[in-house]
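Just below is one structure, and these are the notes that go with it.
The values are calculated or read from the model by the stated rules, or taken from the named source; none is laboratory data. All values reported here derive from a predicted model rather than from experimental measurement. Backbone-built Cβ (ideal geometry, glycine too); neighbour counts: all protein chains shown. Surface accessibility is based on the protein's heavy atoms, side chains included, excluding ligands, DNA and RNA. Shrake-Rupley method; radii C 1.70, N 1.55, O 1.52, S 1.80 Å.
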Amino acid sequence: MHLRKNSYAKLLPCLLICIISIVLSLDYLNSRHNEAFPFDDSYISLKLATTILNPKGISSDDYTLSGATSPLHILLIAISCKVLHWFWSNAYIETTALIIGILFHAAACAVFYLLSYEVLKNQWLALGAGVAMAANGCLLFDSLNGLETSQYILLSLLTLYCLIKWGKRIFYAIPLGLTI
């Protein structure tokens, strides 16, 4: 399979934006004096993810998955925490939620670069748009609050990118369906 040179030209800025996003997220996280999640909804989501990991099942302590605002996000946290325990025995559910938020934010910034490139047809403007999104304080805060905001931003941008890139083909329906 032959990859065009243009494919590599888009990959490097995406990686750069992801690295910038991760570094800025870690810097923002380091600057927070209180490591607690700012919203009570974060604790509810983490309790639901912990309940899934609990061998008693998914409904104990009056927390059920049916009450979740984003079952996909909670399942991702629970599964990721279980996988992290294989490599890092001290992996906490809060740490897992932070890692997922940072990765979703980085991926969203990379997709925003790709979307900007498709619309603007200028690599430098698209790169600036991706870096601006990576450095946006509100988005950094949202990516580190333990909620599904970064996941929805990523899936929404991916839906738009697929719609613009491939038109009315069915590809855009996959990320759109995952937002529900």
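Being of a type in the set (A, V, I, L, M) and open to solvent by less than 20 Å² (accessible area, probe 1.4 Å) is the filter; apply it to region 101-110 and report the residue that is farthest from His73 (Cα to Cα). Full working, then the answer.
Start the filter on region 101-110 by keeping residues that are of a type in the set (A, V, I, L, M), which leaves 102-103, 106-108, 110.
Now drop any that are not open to solvent by less than 20 Å² (accessible area, probe 1.4 Å), which leaves 102, 106, 108, 110.
Numbers: Ile102: 13, Ala106: 16, Ala108: 15, Ala110: 20 Å.
Residue satisfying both the conditions and the ranking: Ala110.
Residues Leu178, Leu127, Leu140, Leu157: which one is among the aliphatic types (A, V, I, L, M) and open to solvent by 40 Å² or more (accessible area, probe 1.4 Å)?
Values: Leu127 fails: open to solvent by 40 Å² or more (accessible area, probe 1.4 Å); Leu140 fails: open to solvent by 40 Å² or more (accessible area, probe 1.4 Å); Leu157 fails: open to solvent by 40 Å² or more (accessible area, probe 1.4 Å).
Leu178 is the lone residue from the list that is among the aliphatic types (A, V, I, L, M) and open to solvent by 40 Å² or more (accessible area, probe 1.4 Å).
Confirm whether Trp86 is more than 16 Å from the chain's Cα centre (by Cα), open to solvent by 70 Å² or more (accessible area, probe 1.4 Å) and within 30 Å of Thr51 (Cα to Cα).
Numbers: more than 16 Å from the chain's Cα centre (by Cα): yes; open to solvent by 70 Å² or more (accessible area, probe 1.4 Å): yes; within 30 Å of Thr51 (Cα to Cα): yes.
Answer is yes for this residue.
Where residues in region 35-75 are polar (S, T, N, Q) and at pLDDT below 60, which of them is surrounded by the fewest Cβ atoms within 10 Å (Cβ to Cβ)?
Of region 35-75, the ones polar (S, T, N, Q) are 42, 45, 50-51, 54, 59-60, 64, 66, 69-70.
When the remaining residues are screened for being at pLDDT below 60, the result is 59-60, 64, 66.
Values: Ser59: 15, Ser60: 13, Thr64: 13, Ser66: 9.
Filtering first and then ranking leaves Ser66.
State the number of residues belonging to region 123-180 that are basic (Lys, Arg) and either in a helix (DSSP H, G or I) or in contact (Cβ under 8 Å) with a residue 24 or more places away in the chain (or both).
Just the residues of region 123-180 that are basic (Lys, Arg), to begin with: 165, 168-169.
Of the ones still in play, those that are also either in a helix (DSSP H, G or I) or in contact (Cβ under 8 Å) with a residue 24 or more places away in the chain (or both) are 165.
Adding up the residues that qualify gives 1.
Against the definition (of a type in the set (Phe, Trp, Tyr), under 16 Å from the mean Cα position of the chain (by Cα) and open to solvent by less than 10 Å² (accessible area, probe 1.4 Å)), how does Tyr113 come out, yes or no?
Details: of a type in the set (Phe, Trp, Tyr): yes; under 16 Å from the mean Cα position of the chain (by Cα): yes; open to solvent by less than 10 Å² (accessible area, probe 1.4 Å): yes.
In short, yes.
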